[in-house]
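Q: Attaching a single structure in structure tokens format; questions to follow.
The values are calculated or read from the model by the stated rules, or taken from the named source; none is laboratory data. Only a predicted model underlies this, so the values are computations on that prediction, with no experimental measurement involved. Don't worry about glycine lacking a Cβ; one is built from the backbone with ideal geometry, like all the others, and counts go over all protein chains shown. Surface areas here come from the heavy atoms of the whole protein model, side chains and all, with no ligands, DNA or RNA. Shrake-Rupley method; radii C 1.70, N 1.55, O 1.52, S 1.80 Å.
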Amino acid sequence: MAVFGYGRVSTKEQTTDNQKLEIQNAGFKVDYWFTDEGISGKTHATQRPRFLAMLEKIRDGETLVVTKLDRLGRDAEDVLRTVRTLAERNIEVVVLQLGKLDLGSSAGKLMLTMLAAVATMERDLLVERTQAGLARAKAEGKVLGRPSKTTLEQRQEMKARYSGGESVSALSRLYAISRASVLNVVNP
């Protein structure tokens, strides 16, 4: 029976090479390697193009190897649904971070549920810390978001020209910004 490997990274700048190497170093000879690159962990497993392609190719009774639990899903519910779907097809799921644990057994399901819940909590805490950091930066007066394409003087001049009857399109061409940007300046 064939061994399938699956890797996922969140950005195009990252690579799944380390995940593949880790699986090979664990002693698995991967027959088919599938990767989703530039796919956020927020994306459900069934919405990842290469994961779906792998599900179509893998046959009942074969083996799927991943490095970490979060490669299988975005949260506890998604991971459990994915593992359940694979278990129904008698596909052995090996998660290297868990060691040799049969995810289809009662103990394996319990461990999987607990670990997936912890992963979900970690993600929620990360979001909370990010929001707290953004709120603190805002409170300290830091400007968040993309830098403005125009200076304060240009925006004041734009308002005066608009009040003087100059069109939004003309101002857009003059300042080399979109009409929407001009409208945001002249109609705050």
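Q: Can you name the residue in region 88-119 that is among the polar types (S, T, N, Q) and touching a residue at least 24 places away in the same chain (Cβ under 8 Å) and is also nearest to Ala76 (Cα to Cα) among such residues?
A: So the residue we want is Thr113.
Q: Please work out which residue is farthest from Asp31 (Cα to Cα), limiting yourself to region 51-62 and to residues that are in contact (Cβ under 8 Å) with a residue 40 or more places away in the chain and surrounded by fewer than 18 Cβ atoms within 10 Å (Cβ to Cβ).
A: Here the residue is Gly61.
Q: Only one of Arg81, Arg59 is part of a helix (DSSP H, G or I) and basic (Lys, Arg). Can you tell me which?
A: Arg81
Q: Moving on to the next point. Could you go through region 126-133 and let me know if any residue there is in contact with a Lys or Arg (Cβ under 7 Å, 6 or more places away or on another chain), free of Cβ contacts under 8 Å to residues at least 40 places away in the same chain and either within 30 Å of Asp70 (Cα to Cα) or exposed (fewer than 11 other Cβ atoms within 10 Å of the Cβ) (or both).
A: Among the residues of region 126-133, not one is in contact with a Lys or Arg (Cβ under 7 Å, 6 or more places away or on another chain), free of Cβ contacts under 8 Å to residues at least 40 places away in the same chain and either within 30 Å of Asp70 (Cα to Cα) or exposed (fewer than 11 other Cβ atoms within 10 Å of the Cβ) (or both), which makes the answer no.
Q: Shifting gears a bit: Filter region 93-119 down to the residues that are open to solvent by less than 40 Å² (accessible area, probe 1.4 Å) and β-branched (Val, Ile, Thr), then identify the one that is nearest to Lys68 (Cα to Cα).
A: Step by step, filter region 93-119, then rank; the result is Val95.
Q: Report every pair of residues separated by at least 6 positions or lying on different chains whose Cβ atoms are under 8 Å apart, first residue within region 9-36 and touching a residue at least 40 places away in the same chain (Cβ under 8 Å), second part of a loop (DSSP other than H, G, I, E, B).
A: Hits for this filter: Gln19/Thr67; Glu22/Thr67; Ile23/Val30; Ile23/Thr67.
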